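Quick notes on the structure that follows.
The values are calculated or read from the model by the stated rules, or taken from the named source; none is laboratory data. Note that the structure is a prediction, hence the values are computed from the model and not measured. Glycine also receives a Cβ, built like all others from the backbone with ideal geometry; neighbour counts cover every protein chain displayed. Ligands, DNA and RNA are excluded from the accessible area calculation, which covers all protein heavy atoms including side chains. Shrake-Rupley method; radii C 1.70, N 1.55, O 1.52, S 1.80 Å.
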Amino acid sequence: MFFRSYTKTTMPNTRIRQNIQAIRSTLPEGVTLLCVSKYHTVEDIRCAYEAGERDFGESRLQELQAKAAVLPEDIRWHFIGHLQTNKIKQVLPLVSLIHSIDSLRLAQAVSRTATVPVSVLLEVHVAQEDSKFGFSPAELQSLLKENALQEFPNLRLAGLMGMASLTDDAEQIQAEFGCLKRLFDELKSTYFEASAQHPFDILSMGMSHDYRLALQNGSTLVRIGSAIFS
Ligand SMILES: *Cc1c(COP(=O)(O)O)cnc(C)c1O
(Lines give C-alpha, C1' and ligand atoms only; values in the text may rest on other atoms or scores of the structure.)
Protein backbone atom coordinates (compact mmCIF):
# COMPACT_ATOMS: atom_id res chain seq x y z
CA MET A 1 0.00 0.00 0.00
CA PHE A 2 2.75 2.40 0.91
CA PHE A 3 4.57 1.79 -2.34
CA ARG A 4 1.45 2.15 -4.40
CA SER A 5 0.62 5.61 -3.08
CA TYR A 6 4.26 6.61 -3.15
CA THR A 7 4.46 5.72 -6.83
CA LYS A 8 1.26 7.54 -7.62
CA THR A 9 2.17 10.83 -6.04
CA THR A 10 5.83 11.13 -6.96
CA MET A 11 6.17 9.54 -10.38
CA PRO A 12 4.21 12.05 -12.47
CA ASN A 13 5.90 14.90 -10.66
CA THR A 14 9.38 13.66 -11.53
CA ARG A 15 8.46 12.74 -15.07
CA ILE A 16 6.76 16.04 -15.86
CA ARG A 17 9.55 18.04 -14.25
CA GLN A 18 12.18 16.17 -16.27
CA ASN A 19 10.23 16.61 -19.50
CA ILE A 20 9.95 20.36 -18.87
CA GLN A 21 13.65 20.67 -18.06
CA ALA A 22 14.61 18.80 -21.22
CA ILE A 23 12.40 21.02 -23.38
CA ARG A 24 13.39 24.26 -21.67
CA SER A 25 17.08 23.47 -22.19
CA THR A 26 16.49 23.60 -25.96
CA LEU A 27 14.48 26.83 -26.06
CA PRO A 28 16.27 29.99 -27.18
CA GLU A 29 16.09 33.06 -24.95
CA GLY A 30 12.76 34.85 -25.25
CA VAL A 31 10.72 31.89 -26.52
CA THR A 32 7.58 31.17 -24.50
CA LEU A 33 6.73 27.62 -23.49
CA LEU A 34 2.99 27.03 -23.50
CA CYS A 35 2.15 23.81 -21.65
CA VAL A 36 -0.84 22.38 -23.47
CA SER A 37 -2.82 20.83 -20.66
CA LYS A 38 -5.98 19.81 -22.52
CA TYR A 39 -7.00 16.23 -21.58
CA HIS A 40 -4.48 16.24 -18.71
CA THR A 41 -5.40 16.24 -15.04
CA VAL A 42 -5.37 19.06 -12.52
CA GLU A 43 -2.77 17.05 -10.62
CA ASP A 44 -0.44 16.97 -13.64
CA ILE A 45 -0.93 20.69 -14.24
CA ARG A 46 0.00 21.33 -10.61
CA CYS A 47 3.26 19.42 -11.18
CA ALA A 48 4.13 21.66 -14.11
CA TYR A 49 3.11 24.71 -12.08
CA GLU A 50 5.39 23.64 -9.25
CA ALA A 51 8.19 23.24 -11.79
CA GLY A 52 7.72 26.94 -12.51
CA GLU A 53 5.39 26.94 -15.51
CA ARG A 54 2.66 29.60 -15.71
CA ASP A 55 1.34 29.40 -19.29
CA PHE A 56 -1.20 26.64 -19.93
CA GLY A 57 -3.32 25.94 -23.00
CA GLU A 58 -6.83 24.53 -23.18
CA SER A 59 -9.11 23.97 -26.14
CA ARG A 60 -12.55 23.49 -24.59
CA LEU A 61 -14.57 25.85 -22.43
CA GLN A 62 -15.87 23.34 -19.90
CA GLU A 63 -12.46 21.85 -19.24
CA LEU A 64 -10.94 25.31 -18.94
CA GLN A 65 -13.61 26.44 -16.45
CA ALA A 66 -13.21 23.36 -14.29
CA LYS A 67 -9.43 23.70 -14.15
CA ALA A 68 -9.26 27.47 -13.74
CA ALA A 69 -11.65 27.21 -10.78
CA VAL A 70 -9.29 25.04 -8.73
CA LEU A 71 -5.81 26.04 -9.91
CA PRO A 72 -3.69 29.07 -8.86
CA GLU A 73 -4.82 32.47 -10.05
CA ASP A 74 -1.46 33.49 -11.48
CA ILE A 75 -1.75 30.90 -14.26
CA ARG A 76 -2.07 32.51 -17.68
CA TRP A 77 -4.61 30.43 -19.58
CA HIS A 78 -4.46 30.36 -23.38
CA PHE A 79 -7.38 29.29 -25.51
CA ILE A 80 -6.04 27.24 -28.42
CA GLY A 81 -9.09 25.39 -29.78
CA HIS A 82 -11.67 26.43 -32.31
CA LEU A 83 -13.82 29.04 -30.55
CA GLN A 84 -17.56 28.96 -31.13
CA THR A 85 -19.27 32.33 -30.92
CA ASN A 86 -21.68 31.16 -28.24
CA LYS A 87 -18.74 30.38 -25.94
CA ILE A 88 -16.93 33.71 -26.26
CA LYS A 89 -18.57 35.40 -23.32
CA GLN A 90 -17.53 32.69 -20.88
CA VAL A 91 -14.05 32.20 -22.31
CA LEU A 92 -13.02 35.88 -22.23
CA PRO A 93 -12.74 36.46 -18.48
CA LEU A 94 -10.60 33.35 -18.04
CA VAL A 95 -7.90 33.74 -20.69
CA SER A 96 -4.89 35.92 -21.33
CA LEU A 97 -4.53 35.05 -25.03
CA ILE A 98 -6.80 33.51 -27.67
CA HIS A 99 -4.71 31.71 -30.32
CA SER A 100 -7.51 30.77 -32.63
CA ILE A 101 -9.17 33.74 -34.31
CA ASP A 102 -9.90 32.00 -37.59
CA SER A 103 -12.48 34.18 -39.33
CA LEU A 104 -13.54 37.79 -39.72
CA ARG A 105 -16.86 36.88 -38.15
CA LEU A 106 -15.19 35.50 -35.03
CA ALA A 107 -12.91 38.55 -34.75
CA GLN A 108 -15.95 40.80 -34.88
CA ALA A 109 -17.85 38.71 -32.35
CA VAL A 110 -14.96 38.68 -29.88
CA SER A 111 -14.48 42.44 -30.13
CA ARG A 112 -18.20 43.04 -29.64
CA THR A 113 -18.43 40.73 -26.65
CA ALA A 114 -15.29 41.97 -24.92
CA THR A 115 -15.60 44.78 -22.40
CA VAL A 116 -11.84 45.35 -22.23
CA PRO A 117 -9.26 44.85 -25.01
CA VAL A 118 -8.40 41.18 -25.50
CA SER A 119 -5.14 39.82 -26.93
CA VAL A 120 -5.58 37.46 -29.84
CA LEU A 121 -3.60 35.65 -32.51
CA LEU A 122 -4.82 35.23 -36.06
CA GLU A 123 -4.81 31.56 -37.02
CA VAL A 124 -3.32 30.89 -40.42
CA HIS A 125 -3.91 27.75 -42.42
CA VAL A 126 -0.71 26.56 -44.08
CA ALA A 127 -1.01 22.77 -43.69
CA GLN A 128 -2.18 20.47 -46.43
CA GLU A 129 -5.03 18.97 -44.44
CA ASP A 130 -8.46 20.40 -45.28
CA SER A 131 -9.74 19.99 -41.75
CA LYS A 132 -7.67 22.74 -40.18
CA PHE A 133 -9.28 26.05 -39.35
CA GLY A 134 -7.73 29.40 -40.19
CA PHE A 135 -7.28 32.19 -42.69
CA SER A 136 -5.33 31.45 -45.85
CA PRO A 137 -2.27 33.69 -46.22
CA ALA A 138 -3.91 35.44 -49.20
CA GLU A 139 -7.15 36.04 -47.31
CA LEU A 140 -5.26 37.52 -44.38
CA GLN A 141 -3.24 39.80 -46.67
CA SER A 142 -6.37 41.18 -48.28
CA LEU A 143 -8.30 41.63 -45.02
CA LEU A 144 -5.42 43.58 -43.50
CA LYS A 145 -5.04 45.62 -46.66
CA GLU A 146 -8.69 46.65 -46.30
CA ASN A 147 -8.09 47.45 -42.62
CA ALA A 148 -10.83 44.92 -41.83
CA LEU A 149 -9.14 43.36 -38.79
CA GLN A 150 -7.19 46.26 -37.32
CA GLU A 151 -10.12 48.49 -36.48
CA PHE A 152 -11.99 46.36 -33.97
CA PRO A 153 -11.68 48.46 -30.81
CA ASN A 154 -11.43 45.56 -28.36
CA LEU A 155 -8.92 43.39 -30.22
CA ARG A 156 -5.19 43.60 -29.67
CA LEU A 157 -3.67 41.67 -32.55
CA ALA A 158 -0.70 39.97 -30.91
CA GLY A 159 0.52 37.90 -33.87
CA LEU A 160 -0.08 34.67 -35.75
CA MET A 161 -0.71 31.03 -34.87
CA GLY A 162 -0.30 28.09 -37.21
CA MET A 163 0.07 24.36 -37.45
CA ALA A 164 2.11 22.34 -39.92
CA SER A 165 0.79 19.20 -41.60
CA LEU A 166 0.78 16.02 -39.56
CA THR A 167 3.57 14.29 -41.42
CA ASP A 168 7.04 12.83 -40.91
CA ASP A 169 8.29 14.79 -43.91
CA ALA A 170 10.59 17.35 -42.28
CA GLU A 171 11.01 19.27 -45.52
CA GLN A 172 7.31 19.82 -45.84
CA ILE A 173 7.02 20.93 -42.22
CA GLN A 174 9.99 23.28 -42.73
CA ALA A 175 8.33 24.75 -45.81
CA GLU A 176 5.06 25.38 -43.96
CA PHE A 177 6.74 26.97 -40.93
CA GLY A 178 8.92 29.03 -43.31
CA CYS A 179 5.79 30.26 -45.05
CA LEU A 180 4.29 31.32 -41.71
CA LYS A 181 7.47 33.12 -40.66
CA ARG A 182 7.69 35.07 -43.94
CA LEU A 183 4.03 36.01 -43.67
CA PHE A 184 4.49 37.11 -40.07
CA ASP A 185 7.50 39.31 -40.92
CA GLU A 186 5.80 40.82 -43.92
CA LEU A 187 2.55 41.62 -42.10
CA LYS A 188 4.42 43.02 -39.13
CA SER A 189 6.50 45.40 -41.20
CA THR A 190 3.62 46.41 -43.48
CA TYR A 191 0.82 46.93 -40.96
CA PHE A 192 2.03 46.87 -37.39
CA GLU A 193 5.42 48.54 -37.10
CA ALA A 194 3.96 51.81 -35.84
CA SER A 195 0.79 50.48 -34.24
CA ALA A 196 -0.05 51.54 -30.70
CA GLN A 197 -3.01 49.16 -30.50
CA HIS A 198 -1.46 45.98 -31.92
CA PRO A 199 1.82 44.55 -30.57
CA PHE A 200 2.02 41.80 -33.23
CA ASP A 201 5.11 40.17 -31.76
CA ILE A 202 4.06 36.54 -31.20
CA LEU A 203 4.53 33.75 -33.73
CA SER A 204 2.87 30.70 -32.15
CA MET A 205 4.02 27.56 -33.95
CA GLY A 206 5.42 24.18 -33.02
CA MET A 207 3.95 21.23 -31.08
CA SER A 208 5.52 18.16 -29.43
CA HIS A 209 6.57 16.46 -32.64
CA ASP A 210 7.70 19.50 -34.62
CA TYR A 211 8.68 22.28 -32.22
CA ARG A 212 12.40 21.99 -33.04
CA LEU A 213 11.64 22.73 -36.68
CA ALA A 214 9.37 25.58 -35.61
CA LEU A 215 12.18 27.10 -33.52
CA GLN A 216 14.56 26.91 -36.48
CA ASN A 217 11.98 28.90 -38.40
CA GLY A 218 11.54 31.70 -35.89
CA SER A 219 8.76 30.55 -33.57
CA THR A 220 8.41 32.75 -30.47
CA LEU A 221 5.94 30.47 -28.66
CA VAL A 222 5.76 26.67 -28.75
CA ARG A 223 2.60 24.81 -27.72
CA ILE A 224 3.64 21.51 -26.17
CA GLY A 225 1.34 18.91 -24.62
CA SER A 226 2.20 15.23 -24.94
CA ALA A 227 5.99 15.73 -24.68
CA ILE A 228 5.40 17.25 -21.24
CA PHE A 229 2.47 15.34 -19.80
CA SER A 230 2.64 11.80 -21.17
C1 LIG B 1 -3.26 19.76 -28.69
C2 LIG B 1 -2.65 20.93 -29.30
C3 LIG B 1 -1.27 21.20 -29.18
C4 LIG B 1 -0.32 20.28 -28.43
O5 LIG B 1 -0.13 19.08 -29.13
P6 LIG B 1 0.94 18.01 -28.61
O7 LIG B 1 1.17 17.17 -29.82
O8 LIG B 1 0.30 17.27 -27.50
O9 LIG B 1 2.16 18.75 -28.21
C10 LIG B 1 -0.78 22.36 -29.73
N11 LIG B 1 -1.58 23.22 -30.40
C12 LIG B 1 -2.89 23.00 -30.56
C13 LIG B 1 -3.71 23.98 -31.31
C14 LIG B 1 -3.46 21.84 -30.02
O15 LIG B 1 -4.78 21.63 -30.20
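What the table shows:
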item	result
Solution diffusion estimate, µm²/s, Stokes-Einstein, the range 108-230, Kirkwood Rh from C-alpha pairs, 10 °C, viscosity 1.306 mPa s	105
Most fluctuating residue given options Lys67, Lys38, Lys145, as computed from a GNM of the chain linking Cα atoms under 10 Å	Lys145
Farthest positive-ward along the range 111-163 dipole, Cα basis, beta-carbon charges - from Met161, Ser119, Asn147	Ser119
Calculated FRET value between Gln108 and Asn13, using beta carbons and R₀ = 45 Å, to 0.05	0.55
Gaussian network model of the chain, springs between alpha carbon atoms under 10 Å - residue of Leu157, Leu180, Leu27 with greatest fluctuation	Leu27
Residue-normalised accessible area of the chain, given per residue in Å² at a 1.4 Å probe	50
Lysine-lysine proximity count for the chain, Cα under 19 Å, sequence distance 8 or more or distinct chains	8
In Å², nearest 10: area of Arg46 left accessible to a 1.4 Å probe	90
Local electrostatic count at Gly57 - Lys and Arg +1, Asp and Glu -1, tallied over other residues with Cβ under 13 Å	+2
Two-decimal Rg/Rh across the range 1-141, once Rg and the Kirkwood Rh are taken from alpha-carbon atoms	1.04
Bins of 5 Å from zero: percent of alpha-carbon pairs in the range 61-123	4, 18, 33, 25, 14, 5, 1
Kirkwood hydrodynamic radius over Cα pairs of the range 115-172, then Stokes diffusion coefficient at 37 °C and 0.692 mPa s, in µm²/s	254
Along each principal axis, Cα extent of the range 176-230, largest first, Å	42, 21, 12
